[in-house]
Amino acid sequence: ALVSGFMGAVDSANEMQRSMSRLEINAQTAGQSMTTVNDNFRQFTALTQQADSSAEAMSNLLQTGFDDNGLTQAVDALSGAVVQFPDTLNIESLADGLQETLATGTATGQFGELLDRVGVGAENFSTALAQCTTDAEKQNLVLETLAEAGLNDVWAQYEQANGGMLSFQDSMTLIQQSLSTLVESILPLVAPAFATIAEAVSSLVTAFAEGGFAGLLEQVGS
């Protein structure tokens, strides 16, 4: 039970650590502040309760070229989209669609679906996007379109109405992040002890498999 419980905590901590490591590398590559990236990651996670998908969403948004302010606006708008269309749209796919839209110049994926749902129209947006001459103009078009669709307001209203729940979920994410750091620090210290326990358990299992209870008792006695 001790080994099983510890390994469960390690698996959970490792998953969070992997997510944060990817985000940190992508933030450095994009020249973004990790503080801003982490704040937005925690917002996505508080909303969706899915850390891995939130990390993937942030990694996709980091490829769009938004600065810190633009990134925060995009996160607010996509959060509003998930609030408004919870059964059909999700954070990871929306962010992937947005990144692909800016990369290809054509509204695509769930981002294109979102544009259709809010009355903008994916084709209309693609036409407007084709008229932009710089990446900054394209990014501004995205942010202005989402804001005019009221998605940032949707998120602001949801955040105000559900502040307690979001604060609780954010605290849980912060605890997970702290535990992942703790586990990473103590794992080298406890690994030898758990290796000894694992060897003992393996010996007992082998003794039982080969000699039944008699073999097990003999192994315990030794």
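The values are calculated or read from the model by the stated rules, or taken from the named source; none is laboratory data. Just so it is clear, the structure is predicted and the values come from calculations on it, not from any experiment. With ideal geometry, Cβ positions are generated from the backbone for all residues, glycine too; neighbour counts draw on all protein chains shown. What goes into the accessible areas is simple: the full protein's heavy atoms, side chains included, and nothing from ligands, DNA or RNA. Shrake-Rupley method; radii C 1.70, N 1.55, O 1.52, S 1.80 Å.
Quick one: grab the alpha carbon gyration tensor of segment 16-165, order the square roots of its eigenvalues as a ≥ b ≥ c, and give me rounded if a/c is under 1.5, else prolate or oblate depending on whether a/b is larger than b/c.
Details: a/c = 1.73, a/b = 1.19, b/c = 1.46.
Oblate is the answer for segment 16-165, as a/c is 1.5 or above yet b/c matches or exceeds a/b.
Label separation (Ile175 vs Thr88): 3.6 nm, computed from points 7 Å beyond Cα along the C-beta direction.
Counting only protein heavy atoms and using a 1.4 Å probe, what share of the accessible area of segment 34-163 belongs to carbon plus sulfur, as a whole percent? Of the solvent-accessible surface of segment 34-163, carbon and sulfur hold 40 percent.
Stokes-Einstein, applied to the Kirkwood radius of segment 63-127 over Cα pairs at a viscosity of 1.002 mPa s and 20 °C, places its translational diffusion at 182 µm² s⁻¹.
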